[in-house]
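Asker: Sharing a structure here in structure tokens format.
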Amino acid sequence: MNGPVRLGFPLALGLLLLGGCATYSASTIENAPGSATVYEDPNSTGQLAGVGIESQDIRAMTDKMMRDMLTNPSLAGAKTPPKVIIDAEFFRNESSSRINKNIITDRLRVDLNRAAKGRMVFVGRHYEGMVKEETAYKGRPAGLLSGDYRLGGRITTLDQINPTTGRTSRYHQIIFEMVDLNNSAIVWTGIYDFRKSARDDIIYR
């Protein structure tokens, strides 16, 4: 009788310890499923929305500015396609909204370049270092294009806040201007504005 008891006890003890470890491990590992990723239409208001500049605002304003520029005879109707610089260097954000200005100017440049179909020449001033490096490697002077026109502009806002409810209303005004680099004349200007109201607890990055 003593033999079977001695052989069964270690086995039972091992199973008990194994079961205890399994129970402990399961209780300390976070395996709850997370929220599924949702693709949203960038032309519409997403599930997270505040009073700042959002994807649908950027797409709407750049589309409007592009279409308006294409009707300007100085930019899109000249016999010799003008050389234009569209970047964020002189596009200032003086608003209370946090925004990467490049997301606006990059989209405007890409859309306009596609739609212009050779009626404008786009100067990549932000790639100047790349051109200089390559021409130095080839042993010849850098043949950089000078621009005829360059984009400037300004983002401004007007905020109203209800201290009781915490609700915020923000009016955005975005000005786009194309400046003649020979004499500082503004040959084209466009404006885009909108107003939003919300209990603003969205963090923009």
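Asker: Grab the other residues whose beta carbon is less than 10 angstrom from that of VAL121, score K and R as +1, D and E as -1, and report the net.
Answerer: Here the charged neighbours net out to +1.
Asker: Okay, next question. Under the definition of Cα pairs under 8 Å and six or more residues apart, what whole-number percent is the relative contact order of segment 55-199?
Answerer: 24
Asker: Okay, moving on. Using a 7 Å offset from the Cα along the Cα-to-Cβ direction at both GLU133 and LYS117, what is the distance between the two label points in nm, to one decimal?
Answerer: Each label point is offset 7 Å from its Cα along the Cβ direction, giving 3.6 nm.
Asker: Rounded, prolate or oblate: which one fits segment 93-134, using the alpha carbon gyration tensor with axes a ≥ b ≥ c (rounded when a/c is under 1.5, else prolate when a/b beats b/c, else oblate)?
Answerer: The shape class here is oblate.
Asker: If you don't mind, there's one more thing I want to ask. Take the solvent-accessible surface of the protein heavy atoms, probe 1.4 Å, and return the percent of it on segment 55-199 that carbon and sulfur atoms account for.
Answerer: 49
Asker: Continuing with the same structure: Just in segment 115-190: which trypsin sites (Lys or Arg not before Pro) are loop by DSSP and have at most 11 other Cβ atoms within 10 Å?
Answerer: Counting only loop positions with at most 11 other Cβ atoms within 10 Å, the trypsin sites (Lys or Arg not before Pro) in segment 115-190 are LYS117.
Asker: Got a number for the accessible area of SER97? Probe 1.4 Å, square angstrom, nearest 10.
Answerer: Spelled out: SER97, probe radius 1.4 Å, area about 10 Å².
Asker: Find the lysine pairs in segment 55-199 meeting two conditions, Cα atoms under 26 Å apart and a separation of 8 or more places or different chains, and report how many there are.
Answerer: 13
Asker: While we're here: How much area per residue is accessible in segment 111-167 when the probe is 1.4 Å and only protein heavy atoms are counted (Å²)?
Answerer: 69
Asker: Counting only heavy atoms of protein chains, what accessible area per residue, in Å², does segment 40-79 have with a probe of 1.4 Å?
Answerer: Using a 1.4 Å probe on heavy atoms only, each residue of segment 40-79 averages 52 Å².
Asker: Segment 55-199: percent of C-alpha pairs farther apart than 19 Å?
Answerer: Result for the distance tail: 57 percent.
Asker: From largest accessible area down, sort VAL187, VAL84, VAL110; use a 1.4 Å probe on the protein chains.
Answerer: In descending accessible area the options line up as VAL110, VAL187, VAL84.
The values are calculated or read from the model by the stated rules, or taken from the named source; none is laboratory data. Because the structure is predicted, anything quoted here is derived from the model rather than measured. Ideal geometry is used to build each Cβ from the backbone, glycine not excepted, and the neighbour counts take in all protein chains shown. The area values use the complete protein model at the heavy-atom level, side chains included, leaving out ligands, DNA and RNA. Shrake-Rupley method; radii C 1.70, N 1.55, O 1.52, S 1.80 Å.
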